[in-house]
1. For residue 117, which of the numbered conditions (1) touching a helix residue (DSSP H, G or I) at 6+ places or on another chain (Cβ under 6 Å); (2) among the hydrophobic types (A, V, I, L, M, F, W, C); (3) not in a strand (DSSP E or B) fails to hold?
2. Is there any pair with a first residue in the range 66-84 that is in the same structural domain as residue 121 (by TED's automatic domain parsing) and under 12 Å from residue 4 (Cα atoms) and a second that is outside any helix (DSSP H, G or I) and acidic (Asp, Glu) whose Cβ atoms are under 6 Å apart and which are 6 or more apart or on different chains, and what are they?
3. Please determine whether any residue of the range 52-65 is of a type outside the set (Val, Ile, Thr) and either under 16 Å from residue 33 (Cβ atoms) or free of Cβ contacts under 8 Å to residues at least 12 places away in the same chain (or both).
4. Would you be able to say whether some residue in the range 95-104 is of a type in the set (Val, Ile, Thr), more than 26 Å from residue 70 (Cβ to Cβ) and surrounded by 14 or more Cβ atoms within 10 Å (Cβ to Cβ)?
5. Could you look through the range 1-23, keep only residues that are out of contact with any Gly (no Cβ under 6 Å at 6 or more places or on another chain) and either under 14 Å from residue 137 (Cβ atoms) or part of a helix (DSSP H, G or I) (or both), and pick out the one that is modelled with the highest pLDDT?
6. Tally time: how many residues in the range 140-177 are within 21 Å of the chain's Cα centre (by Cα) and free of Cβ contacts under 8 Å to residues at least 12 places away in the same chain?
Amino acid sequence: MSRIGKKAVAVPAGVTVTIDGQTVTVKGARGELSWTVAEEIEVRQEGGELTLSKRQDTTRAQAMWGLSRTLVANMVHGVTEGFERTLELVGVGYRAAMKGTALSMQLGFSHDVDIQAPNGVTFAVPKQTEVKISGIDKQVVGEIAAQIRRIRPPEPYKGKGVRYQGETVRRKEGKKK
């Protein structure tokens with residue numbers, strides 16, 4: 001039995017939820033998101049809450065129940081507060097700067113690495129060694145952060161590279177004399 005799927009999703013004031021068949025659309029102050037829920041799940045709006053329930057008792061319905069509830073809750077959270085990931089650049093000469101809406105980073109290559117911000121995502125560089133990625137869609141924000149980290153992941157000997165804020169890098173011992 002899903003403990004996550006049982007919980008109702010609270011809809012705060014200022015957020016409108018539209019249910020059209022299996023498509024759930026959430027509109028808030030920061031924007032609009034929509035997602036099509038699996039056929040095995042039924043979504044109902046009761047007052048200021050959304051409840052999700054299984055239509056039949058199958059293994060797939062059980063698996064999709066908690067997932068659907070979490071994705072709908074993330075949409076509500078995204079249009080009200082938004083999501084943010086912070087990346088740290090660790091290494092001599094590693095730095096980031098903004099070029100218009102694009103992010104330009106120097107990561108030890110012979111060239112600068114430029115990344116365009118997709119729709120709904122914004123970059124911010126509060127310090128030269130810190131990049132903040134924010135947007136309303138949790139999946140898109142996390143994917144862009146992972147793509148940036150993949151350009152120069154932290155290496156285990158000196159710890160140089162792009163890492164998430166608060167991430168600990170397992171260090172290896174170097175050569176012995």
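The values are calculated or read from the model by the stated rules, or taken from the named source; none is laboratory data. The structure displayed is predicted, hence computed values, not measured ones. No Cβ is skipped: glycine too gets one built from the backbone with ideal geometry, and neighbour counts run over all protein chains shown.
1. With respect to (1) touching a helix residue (DSSP H, G or I) at 6+ places or on another chain (Cβ under 6 Å); (2) among the hydrophobic types (A, V, I, L, M, F, W, C); (3) not in a strand (DSSP E or B), residue 117 is out only on (1).
2. Hits for this filter: zero, empty list.
3. Within the range 52-65, one or more residues are of a type outside the set (Val, Ile, Thr) and either under 16 Å from residue 33 (Cβ atoms) or free of Cβ contacts under 8 Å to residues at least 12 places away in the same chain (or both).
4. Among the residues of the range 95-104, not one is of a type in the set (Val, Ile, Thr), more than 26 Å from residue 70 (Cβ to Cβ) and surrounded by 14 or more Cβ atoms within 10 Å (Cβ to Cβ), which makes the answer no.
5. So the residue we want is 6.
6. 6
Conditions (1) within 30 Å of residue 32 (Cβ to Cβ); (2) in a strand (DSSP E or B), marked per residue:
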residue	(1), (2)
88	no, yes
92	no, no
105	no, yes
149	yes, no
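Quick grid of which residues meet (1) at pLDDT below 95; (2) of a type in the set (A, V, I, L, M, F, W, C); (3) under 30 Å from residue 26 (Cα atoms):
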position: 58; (1), (2), (3): yes, no, yes
position: 63; (1), (2), (3): yes, yes, yes
position: 84; (1), (2), (3): no, no, yes
position: 93; (1), (2), (3): yes, no, no
position: 99; (1), (2), (3): yes, no, no
position: 102; (1), (2), (3): yes, yes, yes
position: 108; (1), (2), (3): yes, no, no
position: 119; (1), (2), (3): yes, no, yes
position: 123; (1), (2), (3): no, yes, yes
